[in-house]
Amino acid sequence: KQAEKSDAIECCRRMADENLAAVQDALRKKKENSKKYSISLKGQLDQQKLRNALEDMTAIEKSMNREVFQQINNDPLMQEKIIQRVTKSCIVQSDQNNVHA
């Protein structure tokens, strides 16, 4: 009977050790998964911040473009300067194409 009792106690110890190891392994995996999730979440937040910044920049750029076009529409002198620059640029481009031909 003493041997059976000793075997039963040893069996209980092994089971407790196995349960403890299983719990520790589960906690370790939970911690690893939590880190992975945290990294993933941070990446998603960083991407969202980047998208928001790009949207803000686009909105600012559109606003600036509207203002510039309004100024151009309201200023005949500016319109004339733009036409002169574009014409000059086209002539220079045409001359360069003729040299390379």
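The values are calculated or read from the model by the stated rules, or taken from the named source; none is laboratory data. No experiment lies behind these values; they were computed from the predicted model shown. As a convention, Cβ positions derive from the backbone with ideal geometry for all residues, glycine included, and neighbour counts pool all protein chains shown. Surface areas here come from the heavy atoms of the whole protein model, side chains and all, with no ligands, DNA or RNA. Shrake-Rupley method; radii C 1.70, N 1.55, O 1.52, S 1.80 Å.
Could you tell me what percent of the accessible area of the chain is made up of carbon and sulfur, with a 1.4 Å probe and every protein chain present?
57
With Cα extents along the principal axes in Å as the read-out, I listed [x] 83, 24, 19; [y] 112, 41, 7; [z] 34, 32, 27; which label goes with the value calculated from this structure?
Calculated Cα extents along the principal axes in Å: the matching label is [y].
Pairing the Cα long axis of helix 76-100 with the longest principal axis of the chain, what angle in degrees results, from 0 to 90 and rounded to the nearest 10?
Tilt relative to the chain: about 80 degrees.
Angle between the Cα long axis of helix 2-74 and the longest principal axis of the chain, 0 to 90 degrees, nearest 10?
It works out to around 10 degrees.
Over the chain, average the accessible area per residue using a 1.4 Å probe and give it in Å², no decimals.
95
Just to be sure I understand the model, the point goes 7 Å from the Cα along the line to the Cβ. What's the resulting R85 to F69 distance in nm?
Simple spin-label model gives 1.7 nm for this pair.
M64: accessible area at probe 1.4 Å, nearest 10 Å²?
110
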